[in-house]
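Read the structure below first, then the notes.
We did not get these values from a lab; they are worked out from the coordinates using the rules stated. It should be emphasised that the depicted structure is a prediction, and the values quoted were computed from it without experimental measurement. A quick note on method: Cβ atoms are made from the backbone with ideal geometry, for glycine too, and the neighbour counts reach across all protein chains shown.
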Amino acid sequence: MKINPLPGRVYQAIPGFEDHLKTELPLNGWRPLADGSPLFFAETLGAENTATPVFWYQNCWLEPFRVEFDSINEAASALRDIQRNWAPCLHTQFRRGSLIASKLPSLSVKPRPFPWLLPDAPMGAWTLLDPHTMIAGARCSSPFPGGLIEFEEDKLGPPSRAYLKLWEALVRLRRWPAPGERCLDAGASPGGWTWALARLGAQVIAVDRAPLEDRIAAMSGVEYIRHDAFTLKPEDTGPIDWLFCDVICYPSRLYEWIEKWLASGLCKNFVCTIKMQGNIEGNGVDFETPRRFAAIPGGAVVHLCHNKHELTWMKVG
Ligand SMILES: C[S@@+](CC[C@H](N)C(=O)[O-])C[C@H]1O[C@@H](n2cnc3c(N)ncnc32)[C@H](O)[C@@H]1O
């Protein structure tokens, strides 16, 4: 058996957003791992190219390596010798891949409750190129198998399914508002995020130009303010523990507002959706503003599996 590091990263594209990833990856030095694969290998090219951040992926294998093996047992033990958790990402060799997977510790993919404290154990990923070649990565950007997490959904309480991306963000942060903490929920209506926050026992100031659903506005700890979120100054609400924002707006508008909050020092914890507009063909996608968000110290920009044509900026103090 031969194991060799691959100098670069493997990116797993988001279905439907492959072109976003291809646009972000350095112009040279990247290629699909194989025809038809959602996995793209991008070489480490040097400071200039690797400095360009990439956001449009479901999962990234940070230190990939190549395993050439003879038998299924050999392939499985190469992974088991490194760590417990390995999620397959197969685009070919499905039968051989499932035999290898059957010799690895099983991964639970059952829907999770919220809150759920994510275990610390790393989650790896692997694929097969042919019957005797595996590409794997022990460390991945997402802590979830293949970048995906499913929650035990509440079909009755929340008025929209938008709360799922908030839950996912908070699970990834391994932090969520404690009972009594003050939260500003900007772009709150119809009230999915406010519902999720109020259920944690937080005090929620829900701001939107549109009405919150009555039953959400009536939840304990919820105060609704009908207002343009962006004309609300940090001094108007005073210190808050968390700022949440799911307003549909140009990314640059959100960035300007967040700059004011950061400068005010009145909030340390943020979860904001960066809504993207345009398409690759029309050249209307703003790749620049997510980079400005990512440059804010202590934060990160990610594509959550519950995000659609949007990214999420998160930062906890
Ligand atoms: C995607 S929805 C939010 C969904 C919400 N997070 C939930 O869980 O139900 C976006 C919201 O942004 C609101 N919105 C758009 N522009 C706004 C602004 N300038 N100030 C406040 N709210 C705004 C819209 O009225 C809409 O309710």
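Quick one: net charge of residue 156's neighbours, Cβ under 13 Å, K/R +1, D/E -1? Walk me through the intermediate numbers first.
Values: positive: 155, 161, 199, 215; negative: 152, 153, 154, 213.
Every neighbour counted, the sum reads 0.
Please compute the net charge surrounding residue 176, taking Lys and Arg as +1 and Asp and Glu as -1 over other residues with Cβ under 13 Å from its Cβ.
+1
Given H placed on each backbone N at 1.01 Å, which residues far from residue 59 in sequence or on other chains put an amide H within less than 5 Å of it?
Excluding prolines and chain starts, which carry no amide H, the hits are 12.
Specify the residue with the greatest mean-square fluctuation among 156, 104, 232, computed from a Gaussian network of the chain linking alpha-carbon atoms under 10 Å apart.
Largest GNM mean-square fluctuation: 156.
Could you tell me the center-to-center distance, by alpha carbons, between the range 229-257 and the range 162-225 in angstrom?
About 14 Å separates the Cα centre of the range 229-257 from the one of the range 162-225.
Once amide H atoms are built 1.01 Å from N in the peptide plane, which residues 5 or more positions from residue 6, or in another chain, come under 5 Å H to H?
Sorted by chain and number, the residues that satisfy this are 65, 66.
If you add up the charges near residue 137, with Lys and Arg at +1 and Asp and Glu at -1, over every other residue whose beta carbon is less than 14 angstrom from its beta carbon, what do you get?
+2
Semi-axes of the equivalent ellipsoid for the range 148-251, please: Cα gyration tensor eigenvalues, times 5, square-rooted, ordered largest first, whole Å.
Square roots of five times the eigenvalues give 20, 15, 14 Å.
If each residue of separation counts as 0.36 nm, what is the full-extension length gain between residue 139 and residue 95 once their alpha-carbon separation is subtracted?
13.3 nm
Principal axes first, then extents: for the Cα atoms of the chain, list largest minus smallest coordinate on each axis, whole Å, largest first.
65, 39, 31
Give the distance, in whole Å, between the Cα centre of the range 71-149 and the Cα centre of the range 276-317.
Computed from Cα coordinates, the inter-centre distance equals 27 Å.
For residue 123, which sequence-distant residues (separation of 5 or more, or a different chain) have an amide H within less than 5 Å of its own amide H, given hydrogens modelled in the peptide plane?
Amide H neighbours of residue 123, under 5 Å, 5+ apart: 140.
At 18 angstrom or more along the helix axis (alpha-carbon based) and mean Kyte-Doolittle of -1.0 or higher, what helices does the chain contain? Whole DSSP H runs only.
Long hydrophobic helices here: 251-264.
Residue 148 versus residue 225, label points 7 Å from Cα toward the beta carbon: distance in nm?
Rounded to a tenth, the inter-label distance reads 4.1 nm.
Please give the FRET efficiency for residue 77 paired with residue 277, using the beta carbon to beta carbon distance and R0 = 45 Å, rounded to the nearest 0.05.
0.40
Pull the list of the chain cysteines that no other Cys approaches to under 4.7 Å, Cβ to Cβ.
60, 89, 140, 183, 249, 267, 305
Over the range 47-142, how many percent of alpha carbon pairs lie in each 5 Å bin up to the one with the longest distance?
Final binned percentages: 2, 12, 22, 22, 17, 11, 8, 4, 1.
Test of understanding: express the Cα radius of gyration of the range 261-317 as a ratio to 2.2 N^0.38 Å, with N the residue count.
1.24
For the range 182-280, what does the relative contact order come out to in percent, with C-alpha contacts under 8 Å and a separation of six or more? Don't skip to the answer; put the middle values down first.
Details: 172 pairs, mean separation 27.4, N = 99.
Computed value for the range 182-280: 28 percent relative contact order.
Choose one of 171, 316, 33: the residue whose Cα lies farthest towards the positive end of the charge dipole of the chain (beta-carbon charges +1 Lys, Arg; -1 Asp, Glu; about the Cα centre).
171
Leaving out same-chain residues fewer than 8 places away, which lysines sit with a Cα under 25 Å from that of residue 268?
Straight-line reach from residue 268, under 25 Å: 165, 233, 260, 315.
Counting only C-alpha contacts under 8 Å and six or more residues apart, can you give the relative contact order of the chain as a whole percent?
Averaging sequence separation for qualifying contacts and normalising by length gives 13 percent for the chain.
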